[in-house]
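A short reminder: the numbers here are calculations on the coordinates, not readings from a lab. Note that the coordinates shown come from a computational prediction; the quantities given were computed from them, not determined experimentally. Ideal geometry is used to build each Cβ from the backbone, glycine not excepted, and the neighbour counts take in all protein chains shown.
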Amino acid sequence: MEHSALAARAAAARYNAYAPYSGFAVGAALLCRDGEIFTGVNVENSSYGLTVCAERNALFAAIGAGKREFAALAVYAAPIGADEGPDYTRPCGACLQALAEFCEGDMPIIRLRTESDFTVTPFGELFPYGFTLSEKE
Ligand code: THU
């Protein structure tokens, strides 16, 4: 699948973000190795700490559907009502740790700044030294 097609899915999902407190809408699209795509958005709460990021919502939806192998992730974060983010989105540390459980270091992370402007970074470059319970190569 083209990176631009997965990027478009993240951008479309982003419109469903529930972010009344931060005003920052995030959309993620996770491509499984079998070709299926799971999307997620950030879901905030009046008890702020309960907020869950878009990336983890996409990942956990996929895991719940039985998926374990992933090919790419696209993420797009920008203020609600705007179509341009402050930067090419980097997933937060908590999401990177959650993704590290399942994703290889060479998995492409498609980081959007606008719907059509993105950059692609290998997962291992964004998160080279995650926590593990046992030694990993
Ligand atoms: N957020 C995400 O959805 N993904 C990230 O990787 C970092 C931040 C959300 C959480 C919160 O709803 C809003 O962005 C501002 O932090």
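Quick notes on this one:
- Residues (aliphatic (A, V, I, L, M), in contact (Cβ under 8 Å) with a residue 60 or more places away in the chain and farther than 13 Å from L30 by Cα) located in the stretch 86-113: L112
- Residues satisfying the stated conditions in the stretch 51-89, i.e. among the β-branched types (V, I, T) and under 17 Å from V120 (Cα atoms): V75, T89
- Matching residues, the stretch 87-96, being more than 11 Å from the ligand (Cβ to nearest atom) and either out of contact with any Leu (no Cβ under 9 Å at 6 or more places or on another chain) or not aromatic (F, W, Y) (or both): D87
- M1 falls short on exactly one of the conditions (1) exposed (fewer than 15 other Cβ atoms within 10 Å of the Cβ); (2) in a strand (DSSP E or B), and that condition is (2).
- From the list A100, A65, A17, the one residue that fits, being away from the ligand (no atom under 11 Å from the Cβ) and over 24 Å from T132 (Cβ atoms), is A65.
- Test set (1) buried (at least 21 other Cβ atoms within 10 Å of the Cβ); (2) within 8 Å of the ligand (Cβ to nearest atom) - E44 fails condition number: (1)
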